[in-house]
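The values are calculated or read from the model by the stated rules, or taken from the named source; none is laboratory data. Because the structure is a prediction, the values reported are computed rather than measured. As a convention, Cβ positions derive from the backbone with ideal geometry for all residues, glycine included, and neighbour counts pool all protein chains shown. Only protein heavy atoms, including side chains, enter the accessible area calculation; ligands, DNA and RNA are left aside. Shrake-Rupley method; radii C 1.70, N 1.55, O 1.52, S 1.80 Å.
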Amino acid sequence: MRRLVRETRPRPDQLVLPAFVGESAAEISAMPGVRRHTVEQIGDVARAARDAGVGGLMLFGVPDEADKDPRGSQAWAADGILQRGIAACRQAVGDELVIMSDVCLDEFTTHGHCGVLAEDGRVLGDETCELYAQQAISQARAGAHVVAPSGMMDGQVRIIREGLDAAGFAEVGILAYSAKYASAFYGPFREAVGSSLEGDRRTYQQDPANRREGLREALLDLAEGADMVMVKPASHYLDVLADVAAVAQVPVAAYQVSGEYSMIEAAAEKGWINRRAAIEESVTGIVRAGADVVLTYWALEVAQWLD
């Protein structure tokens, strides 16, 4: 009877698996069960996602420290780590899995911020957006189906859309990180990407206390041509997610971030909660709040359970 009348039914094909590709493989201590893959390995990850019925793969590039510079120039290099990872995934699965790629400079800069810095430490938004467009075009050339600007720079979607169209990639979609909050739950991710962050990102990511602002940012991205919009993090921002889902006429995504993952894994390891039940409940809650697409590090497991 409970199955018969269930209102919310997550599906494997609405899940996206975030994955890290670097020059060397590594376990991520803060995220048990998650690891960084090499270019040679990442194709196997894409095949596993396809075979599990997962809808997509979101790739993050992790360059060596020696390849970082203040402008993050490896972010748009044709032979950059992320571009090679994208190409490997497309070679492995073709169009059978949606290959998404992160558009941001933070992994590639020596200071760890999402954009170019002025002498006084401010992020230069307009200059950064132009570099995002270069990065998105290079990812499209490598084979990305969808580019995902995550830097929260004003106007980033419009400039990326114009750049992609001018370069002949009108079919490449944009998944905008529209309501991205300056959250404490990103901590484990920074280990995963070898972050060099100095200071914090509160001048360009949103204040966790602000709900209406999240909706406003999503509406701005929609007006600029976003094909999908995202709320990040997911579980602690379900009110914002519901607000965005109520008005968006495009698919809405939510990112179950590293801290959400690690908390459940840690509590389950202690025996304090039922791991599978907690994972399933958390993903169901995100879909119930209005997410059409859920980025989760448990995508492969959840897909198998749902199947």
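Here 81, 86 are screened, and the one residue that is within 24 Å of residue 112 (Cβ to Cβ), buried (at least 23 other Cβ atoms within 10 Å of the Cβ) and free of Cβ contacts under 8 Å to residues at least 60 places away in the same chain is 86.
For the residues 133, 176, 144, the requirement of being under 19 Å from residue 63 (Cα atoms), hydrophobic (A, V, I, L, M, F, W, C) and crowded, with 22+ Cβ neighbours inside 10 Å singles out 144. If you filter segment 49-78 down to residues that are part of a helix (DSSP H, G or I) and acidic (Asp, Glu), you find that the one that is farthest from residue 118 (Cα to Cα) is 51.
For segment 268-284, the candidate set comprises residues that are buried (at least 18 other Cβ atoms within 10 Å of the Cβ) and out of contact with any strand residue (DSSP E or B) (no Cβ under 7 Å at 6 or more places or on another chain); within that set, the residue that is nearest to residue 175 (Cα to Cα) is 282. The residues in segment 245-258 that are open to solvent by less than 10 Å² (accessible area, probe 1.4 Å) and either of a type in the set (A, V, I, L, M) or in contact (Cβ under 8 Å) with a residue 60 or more places away in the chain (or both) can be counted, and the count is 6. Within segment 1-18, being open to solvent by less than 10 Å² (accessible area, probe 1.4 Å) and either farther than 18 Å from residue 304 by Cα or of a type in the set (Val, Ile, Thr) (or both) holds for one residue alone: 16. Tell me, please, whether a residue that is crowded, with 19+ Cβ neighbours inside 10 Å, assigned to a loop (DSSP other than H, G, I, E, B) and on the phi < 0 side of the Ramachandran plot can be found in segment 31-46. The answer is yes; a qualifying residue exists.
As a summary of the residue check, residue 299 satisfies the conditions (1) of a type outside the set (Val, Ile, Thr); (2) open to solvent by 60 Å² or more (accessible area, probe 1.4 Å); (3) closer than 27 Å to residue 249 by Cβ except for the one numbered (2). The strands (runs of 3 or more DSSP E) found entirely in segment 200-307 that carry 2 or more residues being β-branched (Val, Ile, Thr) are 228-232, 293-295. Exactly one residue out of 120, 102 is over 20 Å from the mean Cα position of the chain (by Cα) and either within 30 Å of residue 45 (Cβ to Cβ) or surrounded by fewer than 23 Cβ atoms within 10 Å (Cβ to Cβ) (or both): that is 120.
So is residue 137 farther than 17 Å from residue 230 by Cβ, of a type in the set (Val, Ile, Thr) and at pLDDT 95 or above or not? So residue 137 passes the test.
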